[in-house]
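Student: Submitted below is the structure of interest, expressed as structure tokens.
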Amino acid sequence: MIKIFPGFFLCSIVAFSGYQLSNFIGQNLLDFSKSPFSPIILSILLGFTINNLISISESFTKGFDFILNIILKLGIVFLGIKLGLSEIFDVGVIGIPIIALCIMTSMLAVIFFSEKLNVPINLAILIAAGTSICGATAIVAISKSINADRVETSYAIASITIFGLIAMFLYPFFANYLFSANEIAIGLFLGTSIHETAQVAGAGLIYLQQFSSSIVLKTATATKLIRNLSMVLILPLITLVFRMKSTSKTESNISFFDLIPMFILGFLGMGFLRTIGDYTFRLNGLAFGYLSESYWESFIKIIESSGKMALTVSMAAIGLKTNFKNLSGIGLKPLFVGFVATTSVALVSILLINLSL
């Protein structure tokens with residue numbers, strides 16, 4: 001326990017700084033009620049900056065490894081509490097096919113251009129996951145399944161962050177013009193084409209401030225939550241394809257537990273817990289027949305906040321273990337792949353929304 005304390009303490013300080021910086025930029029500088037800048041992303045940037053400005057002692061390594069092996073997985077499990085199945089009904093039958101086709105488009109675009117540009121398979125998979133599903137959360141979850149190193153993980157997160165932030169600021173105005181202020185269409189577009197959950201919420205907040213529409217924010221958020229939930233299906237599929245390509249014919253068959261890590265089952269379990277709690281509350285006014293509305297909401301907030309804190313600390317650890325020289329050695333080709341994936345998803349989303357509405 002003593003050996004992990006220095007690294008754990010440093011990551012906690014960086015994560016706390018990420019939260020403070022997120023609030024300062026979002027609320028003080030931009031005057032938003034909620035910051036569109038994710039502390040998770042800011043923490044990895046702060047950790048990366050610190051690691052490349054000063055030399056970090058090896059005594060911190062044990063703490064970093066503990067966070068990435070244990071705390072990270074717990075964070076992903078806890079975030080499942082956000083994913084009650086009621087969100088599926090909020091978006092409706094129109095939104096789900098659009099989400100599915102956008103995910104497929106992103107995956108195919110990344111695979112095609114990665115092969116053409118000789119981008120490493122690990123990095124291609126991470127960029128595809130981050131672009132099509134749920135940003136940094138999907139990247140760090142899938143990195144464990146395909147044994148991607150921290151440099152590839154950091155590069156993929158940097159890629160989706162750059163294009164996601166650009167989309168967050170531009171898409172609300174672009175969508176308002178493109179869809180003639182159709183609130184449902186705009187919400188679907190923001191939810192399907194922007195990578196990070198915080199970025200989607202940020203785009204919705206920008207639209208709310210500029211065009212006074214809360215429907216866009218609600219639709220975009222619900223759409224993004226369904227994308228996040230798809231990680232339960234997409235992760236095993238990606239893992240299967242990766243293992244089939246990298247496993248020799250002499251090795252034994254891949255088992256079910258190789259495809260679905262336990263933390264993903266925990267993530268899904270939290271989603272069912274939320275669904276059952278919400279259903280029983282609507283049924284008789286008490287979640288699970290015991291918890292009042294205030295207690296149930298408090299429980300959800302505690303679990304959700306714990307998940308965000310765990311992921312923020314984990315991103316700090318990734319940043320603190322990433323060296324700029326290794327990152328720059330990857331080159332610009334994967335960044336171009338990320339740009340193509342982002343553009344492809346946006347174009348397909350526009351096409352499908354116009355055909356559906």
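The values are calculated or read from the model by the stated rules, or taken from the named source; none is laboratory data. Note that the structure is a prediction, hence the values are computed from the model and not measured. Methodologically, a virtual Cβ is constructed for each residue, glycine included, from the backbone with ideal geometry; neighbour enumeration extends over all protein chains shown. Surface areas here come from the heavy atoms of the whole protein model, side chains and all, with no ligands, DNA or RNA. Shrake-Rupley method; radii C 1.70, N 1.55, O 1.52, S 1.80 Å.
For (1) without any contact (Cβ under 8 Å) to a residue 40 or more places away in the chain; (2) in contact with a helix residue (DSSP H, G or I) (Cβ under 6 Å, 6 or more places away or on another chain); (3) open to solvent by 10 Å² or more (accessible area, probe 1.4 Å), each residue gets a yes or a no:
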site: Gly202; (1), (2), (3): no, yes, no
site: Tyr207; (1), (2), (3): yes, yes, no
site: Ser212; (1), (2), (3): yes, no, yes
site: Thr223; (1), (2), (3): no, yes, no
site: Ile226; (1), (2), (3): no, yes, yes
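Student: Go through segment 1-48 and report how many residues are open to solvent by 70 Å² or more (accessible area, probe 1.4 Å) and either not aromatic (Phe, Trp, Tyr) or not in a helix (DSSP H, G or I) (or both).
Tutor: Start the filter on segment 1-48 by keeping residues that are open to solvent by 70 Å² or more (accessible area, probe 1.4 Å), which leaves 1-3, 5, 8-9, 13, 16, 20, 24, 27-29, 31, 33-34, 45.
Those left that are additionally either not aromatic (Phe, Trp, Tyr) or not in a helix (DSSP H, G or I) (or both): 1-3, 13, 20, 27-29, 31, 33-34, 45.
Looking only at that region, the number is 12.
Student: Pick out the one residue from Ile54, Ile94 that is at pLDDT 80 or above, out of contact with any Gly (no Cβ under 8 Å at 6 or more places or on another chain), open to solvent by 40 Å² or more (accessible area, probe 1.4 Å) and aliphatic (A, V, I, L, M). Steps first, please.
Tutor: Working: Ile94 fails: at pLDDT 80 or above.
After applying the criteria, what remains is Ile54.
Student: Could you pull out the residue among Leu335, Leu311 that is in contact with a Ser or Thr (Cβ under 7 Å, 6 or more places away or on another chain), of a type outside the set (Ser, Thr, Tyr), open to solvent by 10 Å² or more (accessible area, probe 1.4 Å) and assigned to a helix (DSSP H, G or I)?
Tutor: Working: Leu311 fails: open to solvent by 10 Å² or more (accessible area, probe 1.4 Å).
Of Leu335, Leu311, the one residue that is in contact with a Ser or Thr (Cβ under 7 Å, 6 or more places away or on another chain), of a type outside the set (Ser, Thr, Tyr), open to solvent by 10 Å² or more (accessible area, probe 1.4 Å) and assigned to a helix (DSSP H, G or I) is Leu335.
Student: Related question: Output the qualifying pairs, or none if there are none: Cβ atoms under 7 angstrom, residues six or more apart or on different chains, first residue in segment 57-86 and closer than 14 Å to Ile264 by Cα, second residue open to solvent by 30 Å² or more (accessible area, probe 1.4 Å) and polar (S, T, N, Q).
Tutor: From residues that are closer than 14 Å to Ile264 by Cα, the pairs are Phe78/Ser306.
Student: State all residues of segment 269-286 that are farther than 22 Å from Leu79 by Cβ and exposed (fewer than 14 other Cβ atoms within 10 Å of the Cβ); if no residue qualifies, say none.
Tutor: Arg282, Leu283, Asn284, Gly285, listed by residue number.
Student: Cβ-Cβ under 8 Å, sequence separation 6+ or interchain: first residue in segment 172-200 and closer than 20 Å to Leu126 by Cβ and free of Cβ contacts under 8 Å to residues at least 60 places away in the same chain, partner among the hydroxyl-bearing types (Ser, Thr, Tyr) and open to solvent by less than 40 Å² (accessible area, probe 1.4 Å). Which pairs?
Tutor: From residues that are closer than 20 Å to Leu126 by Cβ and free of Cβ contacts under 8 Å to residues at least 60 places away in the same chain, the pairs are Ile194/Tyr171; Val200/Thr223.
Student: Select the helices (runs of 4 or more DSSP H) contained entirely in segment 129-218, then report the ones holding at least 2 residues which are modelled with pLDDT of 85 or more.
Tutor: Numbers: elements: 135-146, 150-178, 183-193, 197-211.
Once the helices (runs of 4 or more DSSP H) in segment 129-218 are filtered for at least 2 residues that are modelled with pLDDT of 85 or more, what remains is 150-178, 183-193, 197-211.
Student: What single numbered condition from (1) crowded, with 24+ Cβ neighbours inside 10 Å; (2) within 22 Å of Phe242 (Cα to Cα) fails to hold for Lys116?
Tutor: All conditions pass for Lys116, except number (1).
Student: Residues of segment 314-329 being modelled with pLDDT of 80 or more and not in a helix (DSSP H, G or I), which ones? Write out each step before concluding.
Tutor: Filtering segment 314-329 down to residues modelled with pLDDT of 80 or more leaves 314-321.
Passing the criteria: only Lys321.
Student: Name the single residue that is nearest to Ser145 (Cα to Cα) among those in segment 97-113 being crowded, with 18+ Cβ neighbours inside 10 Å and of a type outside the set (A, V, I, L, M).
Tutor: The residue in question is Ser106.
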